[in-house]
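Notes follow once the structure below has been shown.
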Amino acid sequence: MEHNSTFPIKQNELDMLRDEASGYLKSVQWTQGQRAKNKDKNAKDESILLYLSRANNGSSVAITSVSKTILALKKRLLPDSIAIPVLLNETLYAVQEGLTLGIWIKDNYYDASGLSNLHERKSALDNNGKREFESKMQTATAFQVFATAYKILFDLKDTVSDDLSVMKQKFAGIPEVSILSPLKGIACMLFYYDKYLGHPEMIQSDQDVVDFTVVYFEALLDEISLRRSTLEYTETIEDRTYKLEKSEFAISGWNNTFSDSAKSIEFNKIQFEQIVGNRDAKHFARRLTERMLSYDFEAKKNPFQELGGFMPVFMGYGIPGTGKSMLIAAIATRLKEHCDHLEIPFLFHPMPDTLISTFQGGSAEKMVAWMKPMQDPTKLIFAHIDDAENNLQERTAQGVSAGVKEVIGVFLRYTEGAYAVNYGNSAIGLFTNLPEMLDKAVISRVQGRFKIDGARTEHDFLDQDHLWWRKLDKTMPDFVNMKNPDNYQYLKDQGLAKNMGDILNSVEKPSEERVLEAYDKAEKLHKTNSHQFFATLYKEIQKIFPFFSSRDVRNIQSAISLRLTDFDLEQHWFDNPEIYFKQPYQTKFNMLQELMKQNMKGLNFSEIRRQEVVRYLDNVATIADTDFKRKVAARVSQLNIDLEARTQFNK
């Protein structure tokens, strides 16, 4: 569902609930369930689980005080000090604020879902009413526990250690989670939290207190997400976002941006100049990085989105061995270097190879987990799918696994659908040798495409060799005893182009036969500089390629916008970020508009439009025909082999 409305969480409303929250920290009572008591029989970590399951000391009701346990920890961790350790204090405060927010969220759900009303008439309810009451109570409790845990993770995210693996090893899970009523939910949650805190093996330092708290409440979030499918009456949770006043904190339905918060993957550093040929691809990649860097963290949007030069999904395609992996690394390198210079967080986020799962629903789950970080507005994100034809293969082809269909379903939903959020800070690149094998709906999401065709000219091949033998030349200066070219300076052609016009040969007519036919028909009826010409051309194309749709037209419009915004950002903006990058959104937008106007002076709109339309339609036809041509070529090759075999056999 789309989150269509935002509700403020006011600080003064939270102030009124804080006493109730700290009351729970002073004391709650909990009666352990039988199953939790028996957990020690097959325990992963005998000592801790045994300790947890026998925590009641034999009595049926246990009373727990988190604040007492924290004070006891203070004595153990800092015996000689009267001050409470900073991290211990911070953790206790985070838990108190989490509980306060959870209570507020629960109260809000009570009112929004009609549960308050049922509660007042509790004694007079019929069976259906009672069932609805109990069901809503469980949903209210689950959302309260979720919101509490989520807020605690938010408050501790900057203090927690990077590596939690040791703490996760020690942690033996939560024996039981109750969502029967809000009070039971809090009591059960705090009871086991307290028992872990009091266990001497768990906590050796005040940093451990923060780390354990994060691990515990992450586990609680996972537990709630496992139960979500059993909850009813969740509409008033899923249709809104709650935003905390004077804070970045917001809670949107059950969305969890902390689930295994994505970490950047290591990559080889490569400069564009080390890639031979591929002028089109290098130019596109450079523009992409400049546009992403223009993202405004305050406004959470990118001025290039308004100007029409931003492409959240793009595709690079070409035959094997032409430098796809190098290009991916070069985009990541350039973004990382600029981000470090501008002090911006950067996430390099490749799709994992192990995404397709054999379990039903497993691939969709993994794909959602991979797509989720792309909705984080606090960093620049470059995500790429290498060999995209493996995971996003045409769904109607024979033998396509259920896993691939799940992955495509999620990809489509998150790139343009109910869940699609793009702030202008992330881009997904599909890289493939076989674009014709990609699913049609996936291809229609691609707003920018470029060929990765490797070395193409004599100079390219000279440079490719030069990059190889110059290493030998460095170590043994006279060993490479060969003549250099007369009138070419090595790597001169590998620099970056000024604009697309430098790269693209002016396109006169479509090169694909069927597109040319449609083009000629439209040209007989209208001049190519009239709007009518394009409408007629699209209609003709649709007769030939029924899958050609409004989305393709939008993609063509994006490509034209890309040409209109095809200008360099001034070099001194990079050297001195205050001039542009650190400016407020509106200032950035105005500066870019000025550059765009200057850039347009030398351009001819109708000509650029014609060229981009021809280029796009040729591309559509190539992709549609390649599959057929490949099958024909394979058949011809087989017949040739049969013929030759027969000839040799007859001899």
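The values are calculated or read from the model by the stated rules, or taken from the named source; none is laboratory data. Computed from a predicted structure; not experimentally measured. Glycine gets a Cβ as well: all are built from the backbone with ideal geometry, and neighbour counts include every protein chain shown.
Quick one: is K184 surrounded by fewer than 21 Cβ atoms within 10 Å (Cβ to Cβ) and assigned by TED's automatic domain parsing to the domain that holds I105?
Against the criterion (surrounded by fewer than 21 Cβ atoms within 10 Å (Cβ to Cβ) and assigned by TED's automatic domain parsing to the domain that holds I105), K184 qualifies.
Among the residues of the range 380-430, write down those that are over 23 Å from N255 (Cα atoms) and part of a loop (DSSP other than H, G, I, E, B).
Residues satisfying the conditions are D386, D387, L392, E394, R395, T396, A397, Q398, G399, V400, S401.
Of all residues in the range 349-377, count the ones that are crowded, with 18+ Cβ neighbours inside 10 Å and touching a His at 6+ places or on another chain (Cβ under 9 Å).
5
Being within 31 Å of the chain's Cα centre (by Cα) and either closer than 30 Å to D296 by Cβ or assigned to a helix (DSSP H, G or I) (or both) narrows it down to one of F628, F589, F649, so name that one.
Testing whether each residue is within 31 Å of the chain's Cα centre (by Cα) and either closer than 30 Å to D296 by Cβ or assigned to a helix (DSSP H, G or I) (or both) leaves just F589.
Can you pull out the residues in the range 196-232 that are within 16 Å of G253 (Cβ to Cβ) and small (G, A, S)?
Within the range 196-232, S225, S229 meet the criteria.
In the range 326-343, what count of residues is obtained for those that are free of Cβ contacts under 8 Å to residues at least 40 places away in the same chain and either exposed (fewer than 14 other Cβ atoms within 10 Å of the Cβ) or assigned to a loop (DSSP other than H, G, I, E, B) (or both)?
The qualifying residues number 2.
Can you find a residue in the range 600-611 that is surrounded by 12 or more Cβ atoms within 10 Å (Cβ to Cβ), among the β-branched types (V, I, T) and either more than 23 Å from H531 (Cα to Cα) or in contact with a helix residue (DSSP H, G or I) (Cβ under 8 Å, 6 or more places away or on another chain) (or both)?
yes
Residues that are at pLDDT 90 or above, at least 1 per element: which strands (runs of 3 or more DSSP E) completely within the range 1-76 meet that?
Qualifying strands (runs of 3 or more DSSP E): 5-9, 28-30.
Taking F346 as the residue in question, decide whether it is on the phi < 0 side of the Ramachandran plot, surrounded by fewer than 17 Cβ atoms within 10 Å (Cβ to Cβ) and in contact (Cβ under 8 Å) with a residue 60 or more places away in the chain.
Judged against the criteria, F346 is not a match.
Based on this model, can you work out whether T457 counts as among the hydroxyl-bearing types (S, T, Y) and free of Cβ contacts under 8 Å to residues at least 40 places away in the same chain?
No, not satisfied.
For the structure I just gave you, tell me whether K106 is basic (K, R), surrounded by 20 or more Cβ atoms within 10 Å (Cβ to Cβ) and assigned by TED's automatic domain parsing to the domain that holds K26.
Against the criterion (basic (K, R), surrounded by 20 or more Cβ atoms within 10 Å (Cβ to Cβ) and assigned by TED's automatic domain parsing to the domain that holds K26), K106 qualifies.
If the requirement is being assigned to a helix (DSSP H, G or I) and charged (D, E, K, R), which of these qualifies: K582, K509, K524?
K524
Kindly indicate whether any position in the range 493-515 is under 26 Å from D625 (Cα atoms), without any contact (Cβ under 8 Å) to a residue 24 or more places away in the chain, out of contact with any strand residue (DSSP E or B) (no Cβ under 9 Å at 6 or more places or on another chain) and surrounded by 14 or more Cβ atoms within 10 Å (Cβ to Cβ).
Looking for residues that are under 26 Å from D625 (Cα atoms), without any contact (Cβ under 8 Å) to a residue 24 or more places away in the chain, out of contact with any strand residue (DSSP E or B) (no Cβ under 9 Å at 6 or more places or on another chain) and surrounded by 14 or more Cβ atoms within 10 Å (Cβ to Cβ), one finds none in the range 493-515, hence no.
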